[in-house]
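Only one structure is covered here, and it is reproduced in the block below.
Just so you know, all these numbers are worked out from the coordinates, no wet-lab data involved. Quick caveat, the model's predicted, so the values are computed rather than measured. Note that each Cβ is placed from the backbone with ideal geometry, even for glycine, and that neighbours are counted across all protein chains shown.
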Amino acid sequence: MDEVFVNSISPASRWASSALLLMAAVAGCTSQPNRSTDSPKPAHAVFDPPSTFDAKAGVPMPKAATAGLISSKGKEMELLRNPVALFKEKAYVATRESLLAVDTTSGAVTTITPEATPVKAPEADGHGSFLFSQPVSITEGDGPLVLASFVVQQPASGTHSARVFVEVTAVNAASGRVEWRLPLSIPEWAKDAPSPLGARIIGSSGRVAVVRVGALKPAAQTTYAIDLVDHRVLWTRDLLNAQTIAKGTVLGATTDAIGSEYEAAAGYDLNTGEQRWRGEDSQHPSVGTGGPNLVTVAWRSKTDVDFHRLVDPQTGAVKQELPEDFGPADCDYDGISTLICFRNWKGLSVRAFDTANGELLWQLPNQAAGRIAPRVTAVWHGRIYGSTQNGPLALDARTGEDLPTPPGIAPYAVNEYVGLALKGTEAVAYPAIG
């Protein structure tokens, strides 16, 4: 099965979602507290992973945690994407204009804003919120950090003309205080772009983080790798739509020219930016998480046939062909040994793969066993959280079996302290109690 991956393309629906996501810039910022979150409080018990949450002790989250990101799929409201990163009892919420550090035990909020003025985008709803604000990324490059990025503008002054650039801000995840900032010059193609720019933190590995800047018109992206310790740009690459990081490799879709009909899935060395492999040209390929040793690659061939594979990030070698009915699907790594791929629309389905070799471990629905598939909301540390018509539930990620203790909520973000779940169209933080 070690053929080299060629032909990469994601279904049009996946491409449309990815393109929309580029419209959102994550916030990066200066600390301006609304209410202090530094007051001493008793230590909270930790559960890794939580089996249950206190559904009666919810703390409301700011509207920014869900505004413009809610979609109705069937009868249930669902987040289009998770705009929150958790660190212990703090939840960091990103918008185009600010980064909010929320104490999930009290609801106290600290607002962190950029030094320069954020570039506004068209309003997406009546509340002044914007669709597709990007989630922040927590990294351990130089201590636990929350990274955020803003598209900002600096007005003309003296002999200096006005300019637009990206401001990357690193916040101490524990205290919520700004550690450092790094300005990124926007690429030449973006200087006269007719549509708003978006900036997204793709992720990090070791001391290197990856940022992507893109627009819908022209449909183009530029990827930056930054050193989290020395606070400098390591390399940039135009026409690379970076989407994930694995095994020291930046993975995404690349093209030869703006406006090109075809793209190719490709991998680049995280530290140098040198290309390690490239697939054949295809229509809008997408690359997603597959655990520490694999990535998922989806694409549509030039003859309009959809494919899905698990691929070695460093070489592009195919490790597993996925079933024809696999996609479209979302995949989350549980942080231990299992990749969970699920579809919450067009018929619920869940599949679990071993991240060591891509082997299929189990799948739902399973008619022979009389089991249906749940609506998956989160995957974390060997556990799958979600719901059916019977209420919230949790599954063992490795076996797929129902766990005996109902979690009480169906969290979309979870750690050893707290779970965030939707209550109607609002987000609420619930403490882990077991």
Taking the alpha carbon gyration tensor of region 215-304, what are the square roots of 5 times its eigenvalues, largest first, to the nearest whole Å?
23, 17, 10
Per residue convex hull volume, Cα only, region 143-187, in Å³ is 83
Multiply the residue gap between H44 and H381 by 0.36 nm, knock off their C-alpha separation, and tell me the result in nm, one decimal place.
119.4 nm
What fraction, in whole percent, of alpha-carbon pairs in region 258-306 exceed 16 Å separation?
48
R0 = 22 Å: FRET efficiency of D230 with Q154, Cβ-based, nearest 0.05?
0.40
Using a simple spin-label model with points 7 Å from Cα along the Cα→Cβ vector, what separation in nm is obtained for K191 and W345?
3.9
Sparse-neighbourhood loop hits (chymotrypsin sites (Phe, Trp or Tyr not before Pro), region 324-390; DSSP loop; Cβ within 10 Å at most 15 others) -> W345
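Once Rh for region 157-235 is found with the Kirkwood sum over Cα pairs, what is the Stokes-Einstein diffusion coefficient at 25 °C and 0.890 mPa s, in µm²/s?
Details: Rh = 13.9 Å.
In µm²/s, the coefficient rounds to 176.
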Spin-label proximity, D304 to region 240-284 - amide N less than 13 Å from point 7 Å beyond Cα toward beta carbon:
none
Write out the GluC sites (Glu not before Pro) in region 255-344 meeting two conditions: DSSP loop, and at most 13 other Cβ atoms within 10 Å of their Cβ.
E261, E274, E324
As an exercise, use a Förster radius of 45 Å and the Cβ-Cβ distance of A257 and E401 to find the FRET efficiency, rounded to the nearest 0.05.
0.35
Give, to the nearest whole percent, the P(r) tail of region 301-434 beyond 20 angstrom, counting all Cα pairs.
48
